[in-house]
1. Which residues, counting only those in region 180-200, are at pLDDT 95 or above, assigned to a loop (DSSP other than H, G, I, E, B) and among the acidic types (Asp, Glu)?
2. Quick check on region 142-166: of everything there that is part of a loop (DSSP other than H, G, I, E, B), within 22 Å of GLY220 (Cα to Cα) and of a type in the set (A, V, I, L, M), which residue is nearest to the chain's Cα centre (by Cα)?
3. Looking at region 139-183 only, could you name the residues that are basic (Lys, Arg) and either buried (at least 24 other Cβ atoms within 10 Å of the Cβ) or out of contact with any Asp or Glu (no Cβ under 6 Å at 6 or more places or on another chain) (or both)?
4. Hey, can you tell me all the residues within region 161-184 that are within 14 Å of TYR205 (Cβ to Cβ) and in contact with a helix residue (DSSP H, G or I) (Cβ under 7 Å, 6 or more places away or on another chain)?
5. With closer than 15 Å to PRO163 by Cβ, among the hydrophobic types (A, V, I, L, M, F, W, C) and surrounded by 16 or more Cβ atoms within 10 Å (Cβ to Cβ) as the only criterion, which of VAL225, VAL267 stands out?
6. Failed condition for ARG187, given (1) in contact with a helix residue (DSSP H, G or I) (Cβ under 7 Å, 6 or more places away or on another chain); (2) buried (at least 16 other Cβ atoms within 10 Å of the Cβ), with all others met?
7. Hey, can you tell me all the residues within region 190-204 that are more than 17 Å from GLY155 (Cβ to Cβ) and crowded, with 24+ Cβ neighbours inside 10 Å?
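The values are calculated or read from the model by the stated rules, or taken from the named source; none is laboratory data. Here the structure is a predicted model, which means the values were calculated and not measured. Methodologically, a virtual Cβ is constructed for each residue, glycine included, from the backbone with ideal geometry; neighbour enumeration extends over all protein chains shown.
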Amino acid sequence: MRERIPVVVQRNSRGRRVVARGLWTGAELVVTLGVVLLLLVVHQLWWTNRQARAGAEHQVRALQREWGEEPGSRTGGSDPGGEGGGDSGRTGRSNDSGASGGRSDEGESEGGAAAFSAPRWDQAYAVIRIPRLGLVAPVAQGIGKSGVLDKGYVGHYPRTAQPGRPGNFALAGHRNTHGEPFRHINRLRRGDRIDVETRDAVYTYTVDRTLARTSPRDGGVIAAVPRSNVKPYTGYTEAGSYVTLTTCTPEFTSRYRLVVWGKLVDVRSR
């Protein structure tokens with residue numbers, strides 16, 4: 001009977017250690033990347049909102065003090081349309097309005113309010129209040145990101161009308177992150193009130209029409225007589241005193257623009 005000789009297979013313990021070390025390093029990299037991404041999301045969705053809102057609230061109080069008014073003494077009232085209170089978008093090219101100008105910076109309003117000079121670039125000079133949304137935010141000249149929109153402010157499109165003036169007082173605001181003042185303007189309904197306060201007067205507009213989606217390059221929506229170039233039957237044909245709110249849509253994208261239009265209904269001197 002033939003004798004069998006056992007064969008012993010020597011496993012490469014060094015190779016196993018190298019593989020294990022590689023797997024462990026890969027797992028550490030995946031976890032680290034996940035933590036970094038999580039921190040970026042937290043920064044964008046929480047920290048930028050917290051920081052911008054705090055800065056915007058401080059600016060509103062500063063304007064109120066400058067105008068000789070106690071902070072918080074003017075709050076949004078009830079909706080004249082009988083509907084209760086309620087939650088970056090830019091139209092045109094990146095830092096210009098793309099609109100035909102209305103009478104913007106000089107002259108007298110339809111309500112007889114005194115004229116004022118155009119604000120300096122990035123200067124906060126008004127406060128917008130929308131009772132339905134519980135929104136109170138400063139309005140600054142221009143629609144630049146770092147100087148205006150990313151600070152939680154609402155930006156005024158250059159070469160469009162100033163508050164209360166004939167033409168179109170056109171505004172832009174972020175829908176997500178950096179204070180997101182215009183996040184819920186899709187909830188506005190016809191008759192909802194929009195108050196714009198300046199040093200000299202309070203201008204009240206009421207929401208009239210909404211354009212749910214249009215191109216970012218649709219400059220017609222912020223023209224002196226606002227009318228979409230993409231959807232030509234949407235908008236107005238007669239001169240007046242309008243307000244336009246623009247923001248990005250859908251949420252967390254900048255593919256399209258959401259537009260809300262209102263008409264001036266009242267001017268009250270301060």
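1. Answer for region 180-200, where residues must be at pLDDT 95 or above, assigned to a loop (DSSP other than H, G, I, E, B) and among the acidic types (Asp, Glu): just ASP192.
2. ILE143
3. Here is the first cut: in region 139-183, the residues basic (Lys, Arg) are 145, 151, 159, 165, 175, 183.
Answer for region 139-183, where residues must be basic (Lys, Arg) and either buried (at least 24 other Cβ atoms within 10 Å of the Cβ) or out of contact with any Asp or Glu (no Cβ under 6 Å at 6 or more places or on another chain) (or both): LYS145, LYS151, ARG159, ARG165, ARG175.
4. Here is the first cut: in region 161-184, the residues within 14 Å of TYR205 (Cβ to Cβ) are 161-171.
Residues satisfying the conditions are ASN168, ALA170.
5. Working: VAL225 fails: closer than 15 Å to PRO163 by Cβ.
Just one listed residue meets the conditions, VAL267.
6. (2)
7. Let us first name the residues in region 190-204 that are more than 17 Å from GLY155 (Cβ to Cβ), namely 190-193, 195, 199-204.
Across region 190-204, the qualifying residues are ASP192, ARG193, TYR203.
Let's see how each residue does on (1) in contact with a strand residue (DSSP E or B) (Cβ under 6 Å, 6 or more places away or on another chain); (2) in a loop (DSSP other than H, G, I, E, B); (3) farther than 13 Å from LEU211 by Cβ:
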{"position": "ALA224", "(1), (2), (3)": "yes, yes, yes"}
{"position": "LYS231", "(1), (2), (3)": "no, yes, no"}
{"position": "THR237", "(1), (2), (3)": "no, yes, yes"}
{"position": "VAL243", "(1), (2), (3)": "yes, no, yes"}
{"position": "VAL265", "(1), (2), (3)": "yes, no, yes"}
